[in-house]
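First comes the structure, then the notes that go with it.
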Amino acid sequence: MEEKIIMRSDNPECDWTEDFEHENGNYQNHCHKCKALFFGHKRRIVCKKCASHQFLPKPAAFYGCIYNIVQEVGIANGYAVAIHGSLARDLDLIAVPWTNDAISDFELIKLIAEVLGGECRNENGFKIGLGNDAMYGKDYTPRPHERRAYRIYLGNSFEKQDGGLITYYIDISVTPRFI
Ligand SMILES: [Zn+2]
């Protein structure tokens with residue numbers, strides 16, 4: 001009886017050892033993610049180590065797309081919108097009334113949330129626009145120089161491997177409008 005020769009790489013954590021007993025299960029491959037050599041089924045494209053990593057959307061790339069949309073909504077409604085922050089955790093924006101026909105800060109925030117399919121909640125966790133500050137809290141968080149801060153939550157939270165959650169949101173500060 002012919003003895004099967006099993007081959008292994010120098011990186012044991014990269015090999016798909018469970019493939020080895022199967023037909024075509026002990027091929028030498030190169031991982032498309034980390035470029036390491038690994039052994040496993042000939043149709044595998046990533047090593048076992050890379051496959052066990054969780055690949056979440058990169059916040060900065062996601063926020064970059066979102067920013068263009070917010071900017072367009074701003075321009076169409078009399079605002080200049082600028083990024084202010086690192087994009088690492090959330091998207092920090094400043095909106096400045098730019099033209100004489102700039103809409104109100106509240107209208108602007110509602111529009112942005114609507115276009116992005118997001119949800120705007122105040123610091124007490126209530127949706128904005130409920131209209132009773134004493135009961136629900138203000139729609140915005142007051143900041144120095146009458147700046148108003150709003151937060152728009154964007155859809156899903158993603159669960160990380162450590163059990164924590166990544167939530168994408170926009171913090172947007174609107175400077176006062178003088179009419
Ligand atoms: Zn790899």
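Which ones in the range 21-54 are away from the ligand (no atom under 12 Å from the Cβ) and within 26 Å of the chain's Cα centre (by Cα)?
First, pick out the residues of the range 21-54 that are away from the ligand (no atom under 12 Å from the Cβ): 21-28, 39, 41-43, 54.
The one that is away from the ligand (no atom under 12 Å from the Cβ) and within 26 Å of the chain's Cα centre (by Cα): Gln54.
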Fill in the blank from the handout: Flagged pairs (Cβ under 8 angstrom, 6 or more apart or on separate chains; first in the range 114-132, of a type in the set (Lys, Arg); second surrounded by 13 or more Cβ atoms within 10 Å (Cβ to Cβ)) are Arg121/Ile128; Arg121/Arg151; Arg121/Tyr153; Lys127/Glu119; Lys127/Cys120; Lys127/Arg121
Exercise for the section: Consider Asp101 carefully, then state whether it is among the charged types (D, E, K, R) and under 19 Å from the mean Cα position of the chain (by Cα). Expected result: no
Problem - Any chance Ala76 is surrounded by 15 or more Cβ atoms within 10 Å (Cβ to Cβ), at pLDDT 95 or above and among the small types (Gly, Ala, Ser) - result: no
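Among the residues of the range 55-71, is any within 10 Å of the ligand (Cβ to nearest atom), surrounded by fewer than 18 Cβ atoms within 10 Å (Cβ to Cβ) and among the β-branched types (Val, Ile, Thr)? Quick ask: steps written out before the conclusion?
Step one: of the range 55-71, the residues within 10 Å of the ligand (Cβ to nearest atom) are none.
No.
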Practice task
Considering every residue within the range 77-98, establish whether at least one is within 16 Å of the ligand (Cβ to nearest atom) and either touching a residue at least 12 places away in the same chain (Cβ under 8 Å) or within 22 Å of Arg147 (Cβ to Cβ) (or both).
Solution key: no
Handout entry: Residue that is nearest to Gly74 (Cα to Cα) [pool: residues in the range 162-179 that are assigned by TED's automatic domain parsing to the domain that holds Gly117 and at pLDDT below 85]
Key = Thr167
Practice task
Can you tell me which residue among Asp139, Asp105, Asp90 is within 16 Å of Gly64 (Cα to Cα) and either crowded, with 17+ Cβ neighbours inside 10 Å or among the aliphatic types (A, V, I, L, M) (or both)?
Solution key: Asp90
Practice task
Could you run through the range 21-63 and say how many residues are of a type in the set (Val, Ile, Thr) and in contact with a Cys (Cβ under 7 Å, 6 or more places away or on another chain)?
Solution key: 1
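The values are calculated or read from the model by the stated rules, or taken from the named source; none is laboratory data. Computed from a prediction, not measured in an experiment: that's the story for all the values here. Don't worry about glycine lacking a Cβ; one is built from the backbone with ideal geometry, like all the others, and counts go over all protein chains shown.
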